[in-house]
1. Rounded, prolate or oblate for segment 180-320? Axes are the square roots of the Cα gyration tensor eigenvalues, ordered a ≥ b ≥ c, and the cut-off for rounded is a/c under 1.5.
2. So what is the relative contact order of the chain, in percent, for Cα pairs below 8 Å that sit 6 or more residues apart?
3. Starting from the Cα gyration tensor of segment 33-75, take the square roots of the eigenvalues, sort them a ≥ b ≥ c, and report rounded, prolate or oblate (rounded when a/c is under 1.5, otherwise prolate if a/b is larger than b/c, else oblate).
4. May I ask for the angle, rounded to the nearest 10°, between helix 238-248 and the longest principal axis of the chain, with both axes built from Cα atoms and the value confined to 0 to 90°?
5. What angle, in degrees between 0 and 90 and rounded to the nearest 10, separates the Cα long axis of helix 305-319 from the longest principal axis of the Cα atoms of the chain?
6. Determine the relative contact order of segment 110-265: mean sequence separation of Cα pairs under 8 Å and six or more apart, normalised by residue count, in whole percent.
7. Sort all Cα-Cα distances of segment 22-99 into consecutive 10 angstrom bins from zero, then give the percent of pairs in each bin up to the one containing the longest distance.
8. Roughly what angle does helix 149-158 make with the longest principal axis of the chain, taking Cα atoms, 0 to 90 degrees, to the nearest 10?
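Here, each number is a calculation from the coordinates, and none is a lab measurement. Bear in mind that the values here come from a model prediction, so they are computed numbers and not experimental data. Here Cβ is always computed from backbone atoms with ideal geometry, including for glycine, and neighbour counts include all displayed protein chains.
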């Protein structure tokens with residue numbers, strides 16, 4: 001079974017990985033500063049605020065101002081991390097990000113929590129599902145969607161050494177921690193979590209664990225699954241994709257995002273240009289979310305473990 005190959009170190013939310021990573025990297029790098037749009041507790045930035053009050057700025061519910069301030073701070077050599085919900089980190093401030101950060105290639109780290117339908121009861125106005133597409137279309141922008149608490153912590157620390165704007169997306173639900181604390185997080189380098197020969201599953205964020213559970217079910221049926229954790233959506237690890245499909249000859253992508261603009265579309269572009277093979281996408285199909293329990297919403301919008309299994313069965317039928 002695939003999941004038995006992973007050492008699980010409890011469960012935690014990925015936003016806590018961000019908060020702990022931010023504090024740790026701030027201890028190592030005096031240029032790291034943090035800005036929050038009045039959601040310090042929700043973003044788990046309170047530890048940073050306590051330890052480094054002179055390097056923390058609560059801009060209030062003024063996200064556009066926060067992005068402008070962050071861009072300005074880079075001119076003085078600071079490394080600003082901005083924090084608010086994903087919807088407010090992108091949709092509300094896209095003009096400021098485009099004009100003041102991406103266009104001028106400012107070294108701002110846009111850190112976004114509470115993305116996707118797993119935000120749950122807050123409903124469609126907060127459950128942004130198009131943010132990855134918005135951000136990956138911006139020149140100069142790097143887009144990272146880590147899978148668990150530890151990988152989010154490691155990514156948060158790694159982006160401090162990366163010169164240029166970054167969009168880091170994470171969330172509120174607790175998921176199993178299966179990333180090792182000593183793992184070397186490399187921006188733009190996919191993780192091959194499990195090797196297989198029949199089908200490639202490429203996932204990001206919370207859907208990586210669902211892909212692992214799906215692989216358990218599939219391997220019980222005799223289907224050999226290769227699992228890729230594509231934590232960096234841009235730049236995309238094209239080499240990892242092509243190497244995997246050279247063995248499996250079919251792909252399923254899984255993400256908590258719209259089908260348009262996200263991981264699946266990015267992978268499809270690679271395949272169309274270099275190695276066309278049958279492909280299925282597990283993603284929200286051109287729809288806003290709604291208020292509800294996270295697990296119920298994942299089932300309703302067809303981004304759960306059973307949907308990954310069904311997608312694999314469909315793509316294998318096409319492969320034959």
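1. It is rounded, given that a/c, with a ≥ b ≥ c, falls under 1.5.
2. 19
3. oblate
4. Between the helix axis and the principal axis of the chain, the angle is about 20 degrees.
5. Computed tilt is about 50 degrees.
6. 28
7. 20, 54, 25, 1
8. With both axes taken from Cα atoms, the answer is about 50 degrees.
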